[in-house]
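Working notes, beginning with the structure itself.
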Amino acid sequence: MEFFLQLVLNGLVIGSIYALVGLGFVIIYKSSSILNFAQGEFLMLGAYVCVAIFVTYRVPFVAAFALTLVFSAILGVLMERVLLRPMIGEPVISVIMLTLGLSSVLKAVVQGLWGTDTRPYPEIFPTTPVKVGPLPVSQGYLYSMASVLLLLALFSVFFKYSRAGIAMRATAFSQQVALSMGISVKRMFALAWSIAAVVSAVGGVLLGGLRGGVDGAFAFYGLKVIPVVILGGLDSVAGAIVGGVVMGVLENLSGGYLDPVFGGGVKEVAPFVALVGILAVKPYGLFGKVKIERV
Amino acid sequence: MRCGDFRETYAEDMAIFDTAFSRRLLVLFLAALLALPLALGSYWMDVLNRICIAVIAATGLNILTGFTGQISLGNAAFLAVGGYVTAWLGGRHGLPFPVVIPVAGVLTALVGMVFGVPSLRLKGLYLAVATLAAHFIIEFGATHWESMTGGVGGTSVPAARLGPMELGDDRRLFYLVLPLTAGLLLFAKNLFRTKVGKAFVAIRDQDISAEVMGVHVFRYKLLSFGVSSFYVGVAGSLLAYQARIISPENFPITVAIDQLGMIIIGGLGSILGSIFGAVFVTLLPELLRLATGALAGSFPALTGLFASLKMGLFGLAIVLFLVFEPDGMAARWHTIRNYWKLYPFSY
């Protein structure tokens, strides 16, 4: 039972980070119908930039973190402005390949600047575990889950009440209507990309703190989030959150119980097996909008 | 002198070689290729074989993605299937290559068709994601079905063999790889002059319209998956014969991305494009290696940066092509060719 609870808890923590990265996916998809395969690289880059600022300039961690967020926001806007704008109206394959090309450029930049070794992370969370019921839980888990929840709540408020948030929702609903209401759709695209880059960077820093280091494997989280957003529905923010938590728990449970049977690696493949099932039964996910195609 | 492009019959319009001159040029080119092993060292023979194999795989992917419009990220996994079938039939059962290669192709085609079934309901992004899942599932199988695949340690493949003839080194293997490549390219080129090929293109352009016109969309999509995976399976089989030892590490997801990069850079929906793209993407690291080797004296740091430079240049090439020449090198080639064809009276 304790093993089960431990797995569920691990799943919830990692799932909350999936939810965060998934949020970035969904925001980009909703506003511009682009599936961003470079999301994992945004996450990795955020984690690296944060630790680089922290180590090189010896600023407090909070300041390094804030600078990372600023960097990511600018990066997101640049990506949209320089690369994605020429892609408007191009076929899906071109857009997919553009984000794949982008991802290998970003990976190359990270490798070129920081090498392939694992970079140790400073201890950003207190290390003494606390007891939750019968389970000893590391404080880092609790902090990261709390910060993810806080961030998700902030974004819900942002989308519901702020001017920019409402404009973004209008853009996602219909670009033509948004344009006629005086909303700059281009600016909304740029905002979407910078939000996506920022949430991924937050996810990267949290993961770095939890794992105690960052390396090139972080980029793989971008692919792992794909089953998450497909489960929730590519255009649903709530779906990303539910999907993230479900997938996180699923992969930990299947890894915990099936790894001894298959000899490892189940954790990595389980979300993709689930993905095939979801696509066969409910291709638009739990909360996604069903598209009706007309000639 | 020709002063225009005159095609008076349908057959002329559909001809693969529009002039006798281009046919002769191609024969010369093939003859030159056949003579190449006399001139090249073993390293460049290895590169040449890899280029040919990449051409086959990229052509297969182009049939599916470029001509039928079904995006596939599962190509690396299909290559793996072809490779492991070769290891199994050629290694364990000692069969000769004229049996092994077609069987590898057919079995890969079957696997490809199984993973093509979701295309009945899914298209675009969703299909890309489904094939991505196929990749990870097959990779998991390759790692864990140890009795068949040898697990992470890999399995060895004997040299391609027919009776007493053994194609052990790259030089001899090339005389198997090149005719196969040429034959498969000719088949692909011809495929798109037939009803089947035109049905593929109709599905790419608008699948609902295609269905209205009487194209059985699902059947042709599956067929496209089958033909494409057959090519990829043959490529995987040759790859196994060349590498002689294969493990899941030979088929990471980056291989699938490389091949998508080939058809994007070369040109979607163009056989010539698959050739250009495969040559470009395979030669890029080699040229980079030469360049870093030449500059290593003055910039010693370059050698350490090789891996990231290679990855970065590949990504950059994709991005630049998509932004500046979305139709790829094949389109650029046609522009240049048409300019010179009627030179100096090109207006």
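The numbers here are math on the coordinates, done by the rules we state, and not lab data. Keep in mind the model is a prediction, meaning the values are calculated, not measured. Note that we place each Cβ from the backbone using ideal geometry, even for glycine, and neighbour counts take in every protein chain shown.
Laid out as a table, the results:
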{"quantity": "Per-residue average of Cβ from other chains inside 10 Å of B:119-125", "calculated": "4"}
{"quantity": "Three-way shape call for the stretch A:113-199 based on the alpha-carbon gyration tensor, with the a/c threshold at 1.5", "calculated": "oblate"}
{"quantity": "Cα gyration tensor category, rounded, prolate or oblate, for the stretch A:146-295 with a/c compared to 1.5", "calculated": "oblate"}
{"quantity": "Residues A:ARG169 and A:PHE220, FRET efficiency given R0 of 25 Å [Cβ-Cβ distance, rounded to 0.05]", "calculated": "0.20"}
{"quantity": "Rounded to the nearest 20 debye, dipole of the stretch B:178-252 from Cβ charges on Lys, Arg, Asp, Glu", "calculated": "260 debye"}
{"quantity": "Order of A:LYS107, A:LYS291 - criterion: other Cβ atoms within 10 Å of each residue's Cβ, fewest first", "calculated": "A:LYS291, A:LYS107"}
{"quantity": "Under Karplus coefficients 6.51, -1.76 and 1.60, residue-wise ³J(HN,Hα) of the stretch B:155-163 in Hz, glycine/proline x", "calculated": "9, 9, 10, x, 5, 4, 9, 9, x"}
{"quantity": "Under-5 Å amide H pairs with B:ARG161, H placed in peptide plane, nonlocal only", "calculated": "B:PHE97, B:LEU167"}
{"quantity": "Lysine pairs within chain A, Cα separation less than 17 Å, 8 or more sequence positions apart or different chains", "calculated": "7"}
{"quantity": "Euclidean distance between Cα centres, the stretch B:169-233 to the stretch A:144-192, Å", "calculated": "44 Å"}
{"quantity": "Distance from the stretch A:1-38 to the stretch B:266-309 (C-alpha centre basis), Å", "calculated": "36 Å"}
{"quantity": "Prolate/oblate/rounded label for the stretch A:33-175 (Cα gyration tensor, a/c 1.5)", "calculated": "oblate"}
{"quantity": "Nitroxide proxy distance, nm - points 7 Å out along Cα→Cβ at B:TYR43 and A:GLU123", "calculated": "5.0 nm"}
{"quantity": "Peptide B:138-151, shielding by other chains (average Cβ, 10 Å cutoff)", "calculated": "2"}
{"quantity": "Charge dipole magnitude, Cβ of K and R +1, D and E -1 - the stretch B:1-137, Cα centre, debye nearest 20", "calculated": "300 debye"}
{"quantity": "Cβ-based exposure ranking for B:TRP340, B:TRP44, in which fewest neighbours within 10 Å come first", "calculated": "B:TRP340, B:TRP44"}
{"quantity": "Average silhouette area of the protein assembly as shown, convex hull of alpha-carbon atoms, in square nanometres", "calculated": "33.7 nm²"}
{"quantity": "Cα-centred dipole magnitude for the stretch A:16-112, charges only on beta-carbon of K, R (+1) and D, E (-1), debye, nearest 20", "calculated": "140 debye"}
{"quantity": "Segment B:LEU316-B:VAL152, length gained on full extension (0.36 nm per residue, minus Cα span)", "calculated": "55.9 nm"}
{"quantity": "Kyte-Doolittle mean at least -0.5 and Cα axial length at least 24 Å: DSSP H helices in chain B", "calculated": "B:20-39, B:42-61, B:97-116, B:125-144, B:170-191, B:217-243, B:271-295, B:301-324"}
{"quantity": "Net charge, A:GLY255 excluded, C-beta distance under 14 Å - Lys, Arg +1, Asp, Glu -1", "calculated": "-1"}
{"quantity": "Rounded Å value of the spacing that divides the Cα centres of the stretch B:2-47 and the stretch A:83-121", "calculated": "37 Å"}
{"quantity": "Potential lengthening between B:ARG7 and B:LEU290 on full extension [0.36 nm per residue; Cα-Cα distance subtracted]", "calculated": "97.3 nm"}
{"quantity": "By average C-beta atoms within 10 angstrom, highest first, the peptides A:128-141, A:9-22", "calculated": "A:9-22, A:128-141"}
{"quantity": "Cβ-based charge dipole, the stretch B:1-96, positive-most Cα from B:ILE71, B:VAL81, B:ALA54", "calculated": "B:VAL81"}
{"quantity": "Where labels lie 7 Å past Cα in the beta-carbon direction, separation of B:HIS334 and B:LEU33 in nm", "calculated": "2.1 nm"}
{"quantity": "Highest average packing first - B:14-26, B:327-339, A:45-57, Cβ atoms within 10 Å", "calculated": "A:45-57, B:327-339, B:14-26"}
{"quantity": "Potential extension, A:GLN6-A:VAL157 segment - 0.36 nm per residue separation minus Cα distance", "calculated": "51.2 nm"}
{"quantity": "16 Å Cα-Cα reach of B:LYS310 towards aspartates and glutamates, excluding residues that sit fewer than 8 places from it in its own chain", "calculated": "B:ASP258, B:GLU286"}
{"quantity": "Highest to lowest packing among A:75-86, B:105-116, B:263-274, scored as the average C-beta count within 10 Å", "calculated": "B:263-274, B:105-116, A:75-86"}
{"quantity": "Span-rule helices in chain A, defined as complete DSSP H runs reaching 18 Å or more along the axis (Cα) with Kyte mean at least 0.5", "calculated": "A:2-32, A:39-57, A:61-79, A:92-114, A:139-161, A:185-211, A:237-262, A:266-281"}
{"quantity": "FRET efficiency estimate (nearest 0.05) - Cβ-Cβ, B:VAL99 to B:LEU25, R0 41 angstrom", "calculated": "0.70"}
{"quantity": "Sorted by Cβ density within 10 Å, fewest first, the residues B:TYR241, A:TYR29", "calculated": "A:TYR29, B:TYR241"}
{"quantity": "17 Å reach of a label modelled at B:GLU166, 7 Å along Cα-to-Cβ, counting backbone N of the stretch B:129-159", "calculated": "B:156-159"}
{"quantity": "Peptide B:305-313 - average C-beta neighbours from other chains (10 Å radius)", "calculated": "5"}
